[in-house]
Structures are given as structure tokens and as C-alpha cells.
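A.B. asks: Below is the structure I would like to discuss, written out as C-alpha cells.
Here, each number is a calculation from the coordinates, and none is a lab measurement. On a predicted model such as this, the values are computed, not experimentally measured, just so you know. Glycine also receives a Cβ, built like all others from the backbone with ideal geometry; neighbour counts cover every protein chain displayed.
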Amino acid sequence: MKTQITTFVKELIVYDLILFGSSFLLFILLIILGILLRQKTAIAVFVVLLSFSILFLVPTIGYIKMHNYLYKHSTELLSEKKLNFNNAIVVKGLITNESKRFFNKCSIKASAIKVSTNSFKSYIYSFKPIVTSRITEQNIDIGESREFKIIVEPYYYEGDYNITIGAKCN
């Protein structure tokens, strides 16, 4: 957990700091306004609840939306093959930098997920993959497409499965 937090903090950019700082400043201002309006209880309670929702929702949603815009990319599954002699699946894909920024690194993840005829079960299975593997691609230029190969192992499941791929770039 500690390494995840330090990695998150190290990968923050200036826009993230501006977003977090401005939402905290707005939270403080609305709390002060709620204190000043304490004679009007309903308005004061509304302002305080609004300030706490701004404190938690704006940084979270803003961070996700901003990074989806700044580091826009697409991943495409080209092929997958289950190896007979080894308990593994070879996944080939393509990642494309669609943003206006240079990617220093992209962490690409491939997961094998159980499939069921019941749509509700399939939805639940998507939260707990059978197995997941990751690789890192370095230095992807603006507009560049790069092929990658991930070996998903150890894979012991004999039933039907789907492969999903995703990436996080910065």
C-alpha cells in the first residue's frame, strides 16, 4: 500500500496539484461560509454538505477525467493463443498514443476473465480475473502505434474465458 501511494504522488503533474489545491481552497471557503450562516440552519447544513462533497468528489472525478483527456490512448487486442505445452496465454495487442503529449511509460495489463451464459455472473466475474499480467512500454511518441506481447501465466482454467487489455499511460 505504501509503494502504491508513493508511486501515485510521484506521478502527479502540475494540473493535478492545481485541481487538488483549488478544490481544498473551495472546501475551506464553503466551510467558512457555512459557519457564517449558522443562524440559518438549513442553508448552513446545505453549504457544509456541499463543501464535503466538493472535497471528495471534485478531486476524484476531476483526476480521472483530466487524465483520460491528457493521456488519451487506445488499446486493441490483435490475437490471443492458449499454449498447449505450457500453462499460459500469449496475447498480442496494439497501443496507440492519441493525445498531444509524449508518453514516458505505459503500463499495459492483460487479464483472463471467466465467461458465463448468465449476464449477471459475467458482470461479477469481470471484477475478479482468473489471472493478470502486466508489461511496461517506454517512450511512445505522439500519434505512434506500438505492438506488444504479453504472456499471461500461470493459466490453469479449462472453461471459456475472455481476454481484456487496458493501459495506464503518463
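A.B. asks: State the Cα centre-to-centre distance between region 51-95 and region 108-146 in whole Å.
C.D. replies: That distance is 8 Å.
A.B. asks: Let me ask another. If you line up the long axis of helix 41-70 against the longest principal axis of the chain, both from Cα atoms, how many degrees apart are they, to the nearest 10?
C.D. replies: Between helix and principal axis, roughly 30 degrees.
A.B. asks: OK, next. Report the residue, chosen from Arg101, Arg38, Arg134, that carries the largest GNM mean-square fluctuation when the chain is represented by alpha-carbon nodes joined by springs under 10 Å.
C.D. replies: Between Arg101, Arg38, Arg134, it is Arg38 that shows the largest mean-square fluctuation.
A.B. asks: Below 8 Å between Cα atoms, with a sequence gap of 6+, how large is the relative contact order for the chain in percent?
C.D. replies: 22
A.B. asks: Tell me which of Val14, Ala88, Leu25 sits at the most positive position along the dipole axis of the chain, charges placed on C-beta atoms (Lys, Arg +1; Asp, Glu -1).
C.D. replies: Leu25
A.B. asks: Which GluC sites (Glu not before Pro) in region 88-170 sit in a loop by DSSP (not H, G, I, E or B) and have at most 13 other Cβ atoms within 10 Å of their own Cβ?
C.D. replies: In loop regions of region 88-170 (DSSP not H, G, I, E or B), the sparsely surrounded GluC sites (Glu not before Pro) are Glu98, Glu144, Glu158.
A.B. asks: For Lys149 and Phe127, calculate 0.36 nm times their separation in residues minus their Cα-Cα distance, and state this gained length in nm to one decimal.
C.D. replies: Extra length available between Lys149 and Phe127 comes to 5.6 nm.
A.B. asks: Where does the chain land at 222 nm, in deg cm²/dmol rounded to the nearest 500, when only DSSP H runs of n ≥ 4 count, each adding -39500 (n - 2.57), divided by all residues?
C.D. replies: After summing the helix terms and dividing by the residues of the chain, the value is -13500 deg cm²/dmol.
A.B. asks: While we're here: What's the extension gain from Gln138 to Gln4 if we count 0.36 nm per residue and subtract their Cα-Cα distance?
C.D. replies: Difference between extended and current length: 46.3 nm.
A.B. asks: I want to verify a result. In a Gaussian network model of the chain, Cα cutoff 10 Å, which of these has the top mean-square fluctuation: Leu36, Leu50, Leu83?
C.D. replies: Greatest mean-square fluctuation among the candidates belongs to Leu36.
A.B. asks: Would you mind getting me the FRET efficiency between Lys92 and Phe52? Use the beta-carbon distance for r and R0 = 45 Å, nearest 0.05.
C.D. replies: The calculated FRET efficiency here is 0.45.
A.B. asks: What angle do you read, to the nearest 10 degrees and between 0 and 90, between the alpha-carbon axis of helix 14-36 and the longest principal axis of the chain?
C.D. replies: Once rounded, one gets 30 degrees.
A.B. asks: Next up: Multiply the residue separation of Ile64 and Asn84 by 0.36 nm, subtract the distance between their alpha-carbon atoms, and state the gained length in nm to one decimal.
C.D. replies: This chain segment gains 3.2 nm when fully extended.
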